[in-house]
Each structure stands twice: as structure tokens, then as C-alpha cells.
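Everything on this sheet refers to the single structure shown next.
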């Protein structure tokens with residue numbers, strides 16, 4: 001088969017790219033090859049709304065890519081190689097697809113330990129993983145969540161709200177301390193205890209096994225944690241094998257220019273897998289949904305001839321219990337911070353500054369406006385003071 005536009009990867013980038021193509025080209029053929037058994041869907045719901053919003057059902061997860069764009073979506077298809085000289089790709093089953101322009105939207109895969117996934121062991125990433133974890137909650141009284149970062153804390157929060165006993169394993173002393181200033185991190189951490197979550201701190205899982213319908217996790221402090229199931233949120237790594245095999249530049253992701261093109265003018269990359277030059281923050285790779293949707297649309301438009309530099313700087317967000325935040329730029333307590341609270345720990349803004357007093361990141365805690373102001377502030381790259389920042393957002 002041949003498509004004018006071929007997309008490898010069936011996630012939110014693929015959906016946005018197909019929609020971007022259609023903004024420029026209403027008739028060109030679009031093919032999407034996704035290893036996922038599901039057609040493109042909204043990924044954030046898997047660790048957020050599907051657990052916390054009773055009015056948000058599984059039927060609202062699909063993005064209706066095929067019906068909205070006319071793209072042909074092939075699910076359960078794994079691509080094993082890209083032949084740029086022939087403008088074609090080969091699948092695991094031996095099928096070949098030719099393309100006019102190709103988008104690598106292969107995303108990222110979860111990090112694993114030496115413990116095979118099963119109905120009781122979930123490396124959380126996909127809609128299938130959500131269904132497996134939801135099924136596990138029907139019988140499990142106790143679930144271990146491994147990883148105290150972005151996904152791990154969202155899952156621990158979600159599961160504890162289902163009445164499941166949760167033990168969260170983290171290498172941190174205080175949950176959120178790598179991102180949030182001390183007072184905020186302490187309150188964030190306390191929220192888990194208030195909801196019955198047991199936090200095993202300053203430790204990592206070194207090995208695991210299943211036995212007698214239980215999961216046993218060996219920790220590096222010499223103890224063993226036993227639960228009815230375990231879900232892992234240990235971070236992800238970009239899926240760059242196809243690009244690497246095709247001779248394209250790879251450096252913590254697939255290297256692209258401001259038009260999201262690789263060194264091959266007919267091959268683009270976008271989303272979690274793309275290492276791109278952010279117009280404000282410099283070259284980076286971003287794993288959040290806002291980037292996936294905006295970059296996917298930009299890549300689609302450029303594949304269809306728009307030739308528009310991707311100049312958007314994305315943000316990210318999370319919801320934990322009754323609190324939520326949105327953030328943009330580098331949010332790390334390795335930098336100095338200036339805090340501007342309307343109510344300390346409840347509603348306010350944290351600015352992250354480098355050693356030149358230039359703002360490099362902005363965290364808005366229970367504040368749901370101000371992103372444009374934050375982007376402008378990051379773009380200015382001027383030294384700031386507590387007085388100049390107070391009340392800005």
C-alpha cells in the first residue's frame with residue numbers, strides 16, 4: 001500500500017498530525033500504523049479523569065481520528081524497519097507500506113525491571129494498561145505503586161480513591177521535593193498519608209517475582225514488599241530504534257529541526273520521541289500531552305507543505321487529590337525559587353531562577369490562568385527580583 005502521508009505510531013501525535021494535514025490538504029491519503037491495539041485516544045485520562053470523574057467514561061477516550069480525518073488507522077501493527085531509499089516501511093508481519101512523507105511518532109516505552117508484565121504486574125502506559133489495572137482493582141486489596149514521580153503519584157492518588165490499600169515506593173525523602181519548594185512539598189507529601197497511602201521512602205525495587213497469586217518486590221534496603229499487584233511508573237525511554245536503523249540522527253530522541261524534519265526532507269518526527277529546538281528553552285525532548293498535540297499538528301501541517309517553524313513552548317499539568325498544577329519550563333528545586341502565594345500551599349505561583357536570576361520555569365499551584373504571561377517571562381530572559389515577580393500572575 002502507499003500513502004501520501006504515513007504515520008508510524010498510533011497515539012495523540014498521530015491524531016493531531018492527521019488533523020494538521022487536513023488543515024492544508026483535504027484529499028491526500030493518510031495512513032497510521034500503530035502497535036497499540038486501540039485507535040488513537042486521549043492518554044491523560046488514563047491516570048486522571050477515568051479514575052476521578054464519574055461522568056467521564058471509556059467511550060470518551062477515543063479521539064475519532066479515522067472518522068474525523070479520513071485516515072486509515074491500522075492497529076496492532078509493529079514496524080520493524082524504514083527504507084528511506086525506497087520510501088517504504090516494513091512491518092513485523094512482512095507487509096510493506098510506501099510513503100510520500102513519513103512521520104515518526106513512535107513515542108516512548110516504560111522503563112522496566114526484571115519482572116514480566118502480567119495481570120498482576122502493570123507497566124503503566126497504554127489504554128490496555130488502564131484496563132488491566134482497573135480489572136486488578138476488582139480483586140486486589142493491596143497494590144504497590146513503584147515510582148514517586150509524575151505517573152507514580154497520579155496512580156497512587158487514583159488507586160487510593162478507589163478504596164484500595166496502596167503502598168508507594170519511592171527513592172525520594174519527600175514526594176515532590178525535586179520539583180516543589182519545601183513547604184509545598186511537605187503539604188503534597190502529607191496528602192498521601194491523609195488518604196491512607198503508605199510511602200516507602202529512600203528505597204528502590206531491585207527485583208520481583210509472582211507467587212501464590214501475590215507479587216513480591218525486593219527492595220534495596222533489604223526488605224520485601226508483598227502485595228496483590230504492582231503497577232510501575234519508573235519513567236520512559238524514547239523509541240528511537242527505527243530512526244537509528246534508518247541512519248537518522250538520534251540523541252535522547254530523534255533529532256529534528258525547527259520544521260520537525262530529520263536530515264531526510266521526507267521524514268519528520270514529533271512528540272515524546274522528538275529532540276527539537278524549543279524557541280524559548282533551547283533543544284529538548286518533552287513527554288507531555290500539550291507538546292504531543294501541538295507538535296503533532298505542526299508536523300502534519302509541515303508534511304502537507306506549510307513550512308512553519310514550530311515555535312510553541314508547551315506546558316504540563318497534574319491533578320492529585322484536591323490539588324492541581326500547571327507548569328512551564330524547567331521546574332526543579334536545584335534552582336533558586338521565588339514564591340508568590342495568595343494562600344501558602346493552597347494557591348500561588350513559584351518561579352524558578354538560574355544563577356543569573358533569569359526565570360527558567362513557572363509553577364502555578366491551583367492557578368489555572370497565566371500561561372501566556374509565563375511564556376513571555378521565559379522568553380524575555382531578563383534578571384528578575386521578588387518585587388518584579390510578585391503579583392505578575
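The values are calculated or read from the model by the stated rules, or taken from the named source; none is laboratory data. All of these numbers come straight from a predicted model, not from anything done at the bench. Quick reminder, even Gly has a Cβ in these numbers, built from the backbone with ideal geometry, and neighbours come from all protein chains shown.
Tabulated values for the structure
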| item | result |
| --- | --- |
| Residue among 123, 97 that alone is crowded, with 20+ Cβ neighbours inside 10 Å and within 20 Å of residue 272 (Cβ to Cβ) | 123 |
| Residue list for the range 19-33, filter: surrounded by 23 or more Cβ atoms within 10 Å (Cβ to Cβ) and under 17 Å from residue 295 (Cα atoms) | 20, 21, 32 |
| Residue count for the range 141-173, restricted to those that are touching a residue at least 60 places away in the same chain (Cβ under 8 Å), surrounded by 22 or more Cβ atoms within 10 Å (Cβ to Cβ) and not in a helix (DSSP H, G or I) | 5 |
| Complete set of residues in the range 367-393 that are surrounded by fewer than 16 Cβ atoms within 10 Å (Cβ to Cβ) and within 22 Å of the chain's Cα centre (by Cα) | 368, 369, 372 |
| Single residue of 32, 7, 24 found to be more than 30 Å from residue 318 (Cβ to Cβ) and modelled with pLDDT of 95 or more | 24 |
| Unmet criterion (only one of (1) buried (at least 19 other Cβ atoms within 10 Å of the Cβ); (2) over 30 Å from residue 5 (Cα atoms)) for residue 304 | (2) |
| Residue list for the range 85-115, restricted to those being in contact with a helix residue (DSSP H, G or I) (Cβ under 9 Å, 6 or more places away or on another chain) and farther than 21 Å from residue 302 by Cα | 108, 110 |
| Checking residue 309 against (1) more than 19 Å from residue 285 (Cα to Cα); (2) assigned to a loop (DSSP other than H, G, I, E, B); (3) modelled with pLDDT of 95 or more, the condition it does not meet | (1) |
| When residues of the range 83-93 are limited to those that are without any contact (Cβ under 8 Å) to a residue 60 or more places away in the chain and in contact with a strand residue (DSSP E or B) (Cβ under 9 Å, 6 or more places away or on another chain), the one farthest from residue 8 (Cα to Cα) | 86 |
| Qualifying positions in the range 234-261 - within 18 Å of the chain's Cα centre (by Cα), in a loop (DSSP other than H, G, I, E, B) and closer than 19 Å to residue 311 by Cα | 253 |
| Options 325, 317: the member that is buried (at least 20 other Cβ atoms within 10 Å of the Cβ) and within 22 Å of residue 151 (Cα to Cα) | 325 |
| Selection within the range 341-359 - touching a residue at least 40 places away in the same chain (Cβ under 8 Å) and buried (at least 16 other Cβ atoms within 10 Å of the Cβ) | 345, 349, 350 |
| Only listed residue being in a strand (DSSP E or B) and touching a residue at least 40 places away in the same chain (Cβ under 8 Å), chosen from 230, 177 | 230 |
| Any chance residue 375 is free of Cβ contacts under 8 Å to residues at least 12 places away in the same chain and touching a strand residue (DSSP E or B) at 6+ places or on another chain (Cβ under 7 Å) | no |
| Scan of the range 268-296 for residues that are surrounded by fewer than 24 Cβ atoms within 10 Å (Cβ to Cβ) and assigned to a helix (DSSP H, G or I), ordered by number | 289, 290, 293, 294 |
